[in-house]
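Written below as structure tokens is the structure these notes are about.
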Amino acid sequence: MKLRTKLTLFNTISKLVLVTLFVLLLPVLIRNINQSFTDSKLQRQKKKVLGIIKTSGIKNNLYAAYSPLKDQFYSLDEDSLEENLDTIRNEKRKIEGDTIDYRILSYNFMLDKKSYLLEIGKSIDSIEETTAPLQNIAFVVLLGMILLTVLADQFYSGYVLRPLGQIIKTKLIGNKFPNFGSYKKVKTTTSDFAYLDISIHKMIVTIESTFQKEREFISNASHELMTPVSILQSKIENMFEREDLADDLKTRLLEMQKILNRLKSITKTLLLISQIENEQFLKEDKISLALLLQEVYDEISIRLQDKNISWELSVPENWNLVQVNKFLLFNLFFNLINNAIKYNHENGAIKITANSENNNFVVSIIDTGIGISAADLPYIFNRFKKIRQSLQQDSFGLGLPIVQSIAGFHAIKIEVTSEKDKGSTFKLILPHFLIEI
């Protein structure tokens, strides 16, 4: 899940929690608001009545008046209480046989040496009539505000996190590892992202420098090793021409020659990988895929016959590889098919198919060999990493790294599936621009 989505989700959930709490507390809040508003209204009515009494006085108009719906009343009567009274509270009153709950303001005062009690009441039911509408209005307003804030959070998080996306896209995904090109600063006002940007750049510079040194070392070492190896091979061949050479010495020389051949093969392979990674090959060839695989078959068919392995090729005749290096692709298919033979069973089978998938072209090399264990599968492309089944073979652990380097050079992706003792499938996913039909 993307960081932006996580932030929006967190903000949404937190707001929903607040909404839930607010909805639960809303009835109590509305009730308190209504009660406070009613109390203020009662106080204003009290002041108004007292103002009238002060102006007109009290003659014989002591009264108790109720509204037609009995939702409010006014009463003024002589008071026998000696204490001062100025309260607002809920009380029950019986009016014409009906018992009604009122919110009543009670106030006593002296006038012309007489004590009077003023009461102004409003029914609880009339007070609570506005509770439901107010709750609905508050709930709708709250939902509208939540929606607006979620949209604002989504927009703002996208704006704030945009530099992070640019850093990932331009500094990591958008570059061919380990060649990253020149540094371009990402525009951002967030200091953390600016620090991340420069930190990634420094890390990339270090990685690129290290890889470049490794490539230079491998290339230089391979070049330097080829000369002494060739000289030693020539001297050993010259020694075989001597007629007085003892048999035991010939045996030792043959062993030395075998070791030199292995060393020469490793050196050539490392040199080839170095040249591929340094992009010293051109990609200007055009060749039929079926023809290329036929050439591989012609060179390797003797090995198929030795193990009685069947060969099935199901590739369209009209697929042409364009803008490629034929020599490298020949090596790619040769190594994969050679491994399919090397690690296959006697009387096994190899099948090569090609089909189009999702605007790409897929070539699959399927064998019925000993397979690759799940534990070894992640490491099969590591240089000099010999997995268990290769330990019994004359292998240097460089065949699949060569395949990976050639595939990367041509923007070809490799997917491998394997089941122990049942076989392996190497799927080459070729981008659409490599195939011309």
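The values are calculated or read from the model by the stated rules, or taken from the named source; none is laboratory data. Fair warning: this is a prediction, and the values are worked out from it, not measured in the lab. Positions of Cβ are generated from backbone atoms using ideal geometry, with glycine treated the same way; all protein chains shown enter the neighbour counts. Calculation scope for accessible area: heavy atoms of the full protein, side chains included, ligands and nucleic acids excluded. Shrake-Rupley method; radii C 1.70, N 1.55, O 1.52, S 1.80 Å.
For this structure, a couple of remarks:
- Mean Cα-pair separation over length for the chain, i.e. relative contact order, pairs under 8 Å, 6 or more apart, %: 10 percent
- Region 222-303: Rg to Rh, with Rh as the Kirkwood radius over Cα pairs: 1.16
- Range of Cα positions in the chain per principal axis (Å), largest first: 157, 46, 44
- Student exercise, the chain dipole from Lys, Arg, Asp, Glu Cβ charges, in Debye to nearest 20: 1440 debye
- Per residue, the chain reaches -18000 deg cm²/dmol at 222 nm when only DSSP H runs of four or more residues are counted, each adding -39500 (n - 2.57).
- Expressed in Å, the radius of gyration and Dmax of the Cα atoms of region 239-285 are 18.0, 54.
- Only beta bridges with both residues in the chain are counted; by DSSP, about 90 percent of them are antiparallel.
- A simple packing score, the average count of other Cβ atoms within 10 Å per residue, orders the peptides 246-254, 291-299, 42-50 as 291-299, 42-50, 246-254, with the highest score first.
- Taking all C-alpha pairs of region 9-62, those more than 12 Å from each other amount to 76 percent.
- Label separation (THR170 vs ARG89): 7.4 nm, computed from points 7 Å beyond Cα along the C-beta direction.
- For region 12-135, the fraction of alpha-carbon pairs in successive 10 Å shells from zero, as %: 11, 35, 28, 14, 8, 3, 1
- Percent carbon-and-sulfur accessible area, the chain, ignoring ligands, DNA and RNA, probe 1.4 Å: 57 percent
- Furthest towards positive pole of dipole, VAL315, ILE352, GLN280, structure part region 264-375, Cβ charges: GLN280
- Note on SER67/PHE109: beta-carbon distance plugged into 1/(1 + (r/R0)^6) with R0 of 30 Å gives a FRET efficiency of 0.80.
- For region 62-144, the percent of C-alpha pairs falling in each 10 Å distance bin, counted from 0 to the bin holding the largest distance, reads 16, 37, 25, 14, 7, 2.
- Cross-link reach is defined here as a Cα-Cα straight distance under 19 Å, omitting same-chain residues fewer than 8 places apart; for LYS113 the lysines meeting it are LYS54, LYS59.
- Alpha-carbon centroids, region 43-112 and region 284-321: separation in whole Å: 109 Å
- Under 12 Å from the Cα of LYS171 - aspartates and glutamates, other chains or at least 8 residues apart: ASP197
- Those aspartates and glutamates that a straight Cα-Cα span of less than 14 Å connects to LYS114, excepting residues fewer than 8 apart in one chain: ASP77, GLU78, ASP79, GLU82, GLU83
- In this structure, the residue pairs whose Cα-Cα separation is over 29 Å, taken from LYS326/LYS413; LYS6/LYS213; LYS235/LYS268; LYS286/LYS420, are LYS6/LYS213; LYS286/LYS420.
- Accessible area in square angstrom per residue, the chain, 1.4 angstrom probe: 62 Å²
- Of SER67, ASN331, SER364, farthest towards positive along the dipole that unit charges on Lys, Arg, Asp, Glu beta carbons give the chain: SER67
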